[in-house]
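Accompanying notes for the structure given below.
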Amino acid sequence: MIEPIARLRRMVLIRTVEAQLMARRDHGFQLYSTGEEAVAVGLCAALSPTDQLLSSGRAIGPALARGLDPAAVIAELLGKASGVNRGKAGRGHLAQPEAGFLGAHTVVAGNLTLAAGAALACQRAGEGAIVAVIFGDGACGAGALHETMNIAALWRLPLLLVCDNNGLSVSTPVARSMAASPLATLAAPFGMASATIDGMDVERVHTAAAGLIAGIRAGGGPAFLECRSERLTPHSSATRDTRAAPDLAAARARCPIARAAARLAGEGALDAAAFAALEQAVSAEVARGFALADAAPYPDPAEALSDVG
Amino acid sequence: MSAEAAAGTARIFFREAIARALAEEMARDPRLLVLGQDVGAFGGSYKEFTGLHARFGDDRVRDMPVAEAGMVGVGVGAAALGHRTLVSITYMDFLMLALDPLVNYAAKARFKTGGRLRVPIVVKTTAGAKGQGVAHSQCIEAWMMGVPGLTVLAPSTPADAYGLLKAALRHDGPVVFIDHKRLFPKSGEVPLADHVLPIGAACVVRAGTDVTVTSHGYMVHIALEAAERLQAEAGISAEVIDLRSLAPLDTGTIAASVARTGAIVTLEEGQLTCGVGSEICFRLGEIMGRMPRAARVGPLAAPVSSNPVLEGECLPDAARLVAAVRKLLE
């Protein structure tokens, strides 16, 4: 499978897992990545296996993009003992460090300083690994971002800051929460390489991330990539959408999956029938994951006291 | 002390015990990092990091910007990838700026990942009042005691500082290590050989029969002073327990003492509401099936002023502890 098709398939996987999850009511609170698949998939396509990725609480997309076993992620989202984290993490705390996913931290901007520390560990290990951290536009107003950029730039840490700018902090538009625009300009005072790109174009994200990562691996210090994206669902499974219908329709018209599929069709690399077959295969794989998770037990209640400390 | 010296101890300052424990552990674990404000060539606000920068260099002993959330967050992130870190937060008041990476992440990482992550970080911080006012004097260790997953240690002597810091630096989860401004000038006998204290073990530092007094950190010295006065002034024999570890709390040692003495007075410099003493007394009641005769001694429920008159009025002292014990035993 050529790489752009593999990336399309990964985006379809994220969308399908979330669609099948949304269709159920037995999984509690979720933050969906639907609409923002290209940011995580394009970024992960530029990471090496030994690199580490951190995400915000909007972690389903990043976890699947990083290549975690979809069945284990699904089981985790359903709170089953067969989940990636034995059902104790849920969406907000998914982590599999040995797979390059140091994981999620649900406090907005809370993952940034942690990522700098992980980057310090990679720098000291001297094996060429880097750290990427995905955060939202909502994190850009927090002091943690500025502390992180300052420390990372001072120490030339191998850190890629990826702002998945979906334009909304729950209901507050970025124009009402941030004085800086574009958000990538926040990195300028620290002398960091930066770019603002269309985050709905997975190939553009991949290219931009790969370019910045090459600079980081060459010892250039941290970099900042702002990806302009669209959240196609409300902020969370428990939040109402505040956008007007025409705005939502405009966001849906930017769908990164439709866009990648159309491009591949135009290039003659993937016709409509092949895309339908891809979607069907993914749908079947995801359904098997849900069936496995449904058959798996919940954690023993005694797990409430295990691994504390 | 001379017998101990003969058994292989040396008299050193509290700050030297900290530096020695760190130097030995840094030599033992080549990954161990020290991060914080003024920890480098300056050697720490109380000279407790003296010699580390010269010996281990910029790479392992790093001055950081005055950004406590960044300091602890970076330490936690490095520790999560296997690079054990000690982060120095100059005063415990400033730890409030860094609670997210410590409380929301480090204390929960092992649990929430189903055991995939460990965060071996030690946050070393200096508590207590010594003329610096409302935001440089606080003792908030009781806040930390309520966080599942955090270990909280508070030594009162150079030997315990040495043994407990080494224990903290070998622990595989997050530790808050609390010293006190007034402890740094104190000296004491410290074993010459490698000496690691167990976490979660209190110590009876003065045997007695009439009342149990518990305390930690600098206040242990106030408790011992009060115990001498109680003996001399009223013939009251006070047993003094140095808690050393606040989480986990050694309720076994405390309960055994109170079973003998029949009464307990707790002493702390932090606020009494939801404080260390409240926790000890209630747990004793649960363990013993009835509340023992109990009293708590602490500061006034007020900010600690930098004005020496007001600071002195706010803080607990030996006279207040003596009065509380005598009232309880009346």
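Within chain A, the longest segment free of exposed loop sites, counting GluC sites (Glu not before Pro) that fall outside DSSP classes H, G, I, E and B and have at most 16 other Cβ atoms within 10 Å, spans A:128-266.
Determine the shape class of the range A:149-273: with a ≥ b ≥ c the square roots of the Cα gyration tensor eigenvalues, call it rounded for a/c under 1.5, and otherwise prolate if a/b is greater than b/c, oblate otherwise. Don't skip to the answer; put the middle values down first.
On the way: a/c = 2.84, a/b = 1.27, b/c = 2.24.
Cα axes put the range A:149-273 in the oblate bin.
Between the range A:12-30 and the range B:117-169, how far is it from one alpha carbon centroid to the other, in angstrom? Between the Cα centre of the range A:12-30 and that of the range B:117-169, the gap is 43 Å.
Note the full-extension length gain between residue A:170 and residue A:50 as 0.36 nm times their separation in residues minus their Cα-Cα distance, in nm to one decimal.
Working: separation 120, 0.36 × 120 = 43.20 nm, distance 3.34 nm.
Extra length available between residue A:170 and residue A:50 comes to 39.9 nm.
Under 1.5 on a/c is rounded, so check that first for the range B:205-292, then, if it is not, pick prolate when a/b is larger than b/c and oblate when it is not; a ≥ b ≥ c are the square roots of the alpha carbon gyration tensor eigenvalues. Note, shape of the range B:205-292 comes out oblate. On chain A, 56 percent of the accessible area sits on carbon and sulfur atoms, based on a 1.4 Å probe. Considering every alpha-carbon pair of the range A:3-298, the percent of pairs per 10 Å bin, from zero through the bin containing the longest distance, is 7, 30, 36, 22, 5, 0.
Computed over protein heavy atoms with a 1.4 Å probe, the carbon and sulfur contribution to the accessible area of the range B:29-75 reaches 52%. Please report how far the C-alpha centroid of the range B:173-242 lies from that of the range A:160-226, rounded to the nearest whole angstrom. That distance is 53 Å. Projecting label points 7 angstrom from Cα along Cα→Cβ for residue B:96 and residue B:134 puts them 1.0 nm apart.
When A:243, B:170 are compared by accessible area of protein heavy atoms, the largest-first order is B:170, A:243, using a 1.4 Å probe. When the listed pairs B:166/B:186; B:130/B:166; B:108/B:130; B:108/B:166 are checked against a 31 Å cut-off, the alpha-carbon distance exceeds it for B:108/B:130.
Amide hydrogen proximity for residue B:296: with H placed 1.01 Å from N in the peptide plane, the residues at 5 or more positions away or on another chain lying under 5 Å are B:266.
For the range A:93-214, with only Lys/Arg (+1) and Asp/Glu (-1) charged at the beta-carbon, what is the dipole magnitude about the Cα centre, in debye rounded to 20? Could the numbers behind the result be given before it?
Details: 4 positive and 8 negative charges, 58 e Å.
In debye, rounded to 20, the range A:93-214 gives about 280.
Placing unit charges on the Cβ atoms only, positive for Lys and Arg and negative for Asp and Glu, gives the range B:1-119 a dipole magnitude near 520 debye about its Cα centre. Contact with the other protein chains removes 20 Å² or more of accessible area, compared with the isolated chain and a 1.4 Å probe, from these residues of the range A:109-144: A:113, A:114, A:117, A:120, A:121, A:124. Applying 1/(1 + (r/R0)^6) with r as the Cβ-Cβ distance of residue B:287 and residue B:209 and R0 = 30 angstrom yields a FRET efficiency of 0.90. Counting only whole DSSP H helices of chain B, the ones at least 20 Å long by C-alpha along their axis and with mean Kyte-Doolittle hydropathy no lower than -0.5 are B:14-28, B:219-234.
Scan the range A:20-86 for trypsin sites (Lys or Arg not before Pro) in coil per DSSP, keeping those whose Cβ has at most 16 other Cβ atoms within 10 Å, and list them by number. Can you show the working numbers first?
Numbers: sites: A:24, A:25, A:58, A:66, A:80, A:86; in loops: A:24, A:25, A:58, A:66, A:80, A:86.
Counting only loop positions with at most 16 other Cβ atoms within 10 Å, the trypsin sites (Lys or Arg not before Pro) in the range A:20-86 are A:24, A:25.
Each 20 Å bin from zero up to the one holding the largest Cα-Cα distance in chain B carries the following percent of pairs: 32, 58, 10.
According to the calculation over all Cα-Cα pairs in the range A:206-309, the P(r) per 10 Å bin from zero is 10, 18, 27, 30, 14, 1 %.
In units of 2.2 N^0.38 Å, what is the alpha-carbon radius of gyration of the range B:41-84?
Dividing the Cα radius of gyration by 2.2 N^0.38 Å gives 1.24.
Selection among A:109, B:298, A:95 by position relative to the dipole of the protein assembly as shown gives A:95 as farthest towards the positive end (Cβ unit charges, Cα centre). Extents of the protein assembly as shown, largest first, come to 97, 53, 45 Å (Cα atoms, principal axes, whole angstrom). Within the accessible area of the range B:203-329, the carbon and sulfur atoms contribute 56%, probe 1.4 Å, all protein chains present. Summed over qualifying helices (DSSP H, 4 residues or more, each -39500 (n - 2.57)) and divided by its residue number, chain A shows a 222 nm mean residue ellipticity of -13500 deg cm²/dmol. Our summary gives the range A:174-221 a relative contact order of 22 percent, counting only alpha carbon pairs under 8 angstrom and 6 or more residues apart.
Excluding ligands, DNA and RNA, the accessible surface per residue across the protein assembly as shown is 37 Å² with a 1.4 Å probe. Take the Cα of residue A:218, go 7 Å toward its beta carbon, and the backbone nitrogen atoms of the range A:153-183 under 16 Å from that spot belong to A:158-159.
With r as the distance between the Cβ atoms of residue B:47 and residue A:248 and R0 = 56 Å, compute the FRET efficiency 1/(1 + (r/R0)^6) and round to 0.05. Kindly include the intermediate steps, with their values, before the conclusion.
Details: r = 62 Å, r/R0 = 1.10.
Using R0 = 56 Å, I get an efficiency of 0.35.
Pairing chain B with chain A buries about 3000 Å² of accessible area. This figure sums both sides and uses a 1.4 Å probe.
Placing unit charges on each Cβ (+1 for Lys and Arg, -1 for Asp and Glu) gives chain B a dipole about its Cα centre, and among B:46, B:220, B:117 the Cα reaching farthest toward its positive end belongs to B:117. Residues of the range B:63-82 buried by at least 40 Å² of accessible area upon assembly of all protein chains, compared with the chain on its own (1.4 Å probe): B:65, B:74, B:81. Going by a ≥ b ≥ c, the root eigenvalues of the Cα gyration tensor, does the range B:65-219 fall in the rounded group (a/c under 1.5), the prolate group (a/b larger than b/c) or the oblate group? The shape class here is prolate. Kindly state, to the nearest 0.05, the FRET efficiency for residue B:225 paired with residue A:124, given R0 = 51 Å and r defined as their beta-carbon distance. So, using R0 = 51 Å, E works out to roughly 0.65.
Only four residue types carry charge here, +1 at the Cβ of Lys and Arg and -1 at the Cβ of Asp and Glu. Report the dipole size of the protein assembly as shown about the Cα centre in Debye, rounded to the nearest 20.
Working: 59 positive and 62 negative charges, 91 e Å.
Dipole of the protein assembly as shown, to the nearest 20 debye: 440 debye.
The values are calculated or read from the model by the stated rules, or taken from the named source; none is laboratory data. This is a predicted model, so every value here is computed, not measured. Glycine also receives a Cβ, built like all others from the backbone with ideal geometry; neighbour counts cover every protein chain displayed. The area values use the complete protein model at the heavy-atom level, side chains included, leaving out ligands, DNA and RNA. Shrake-Rupley method; radii C 1.70, N 1.55, O 1.52, S 1.80 Å.
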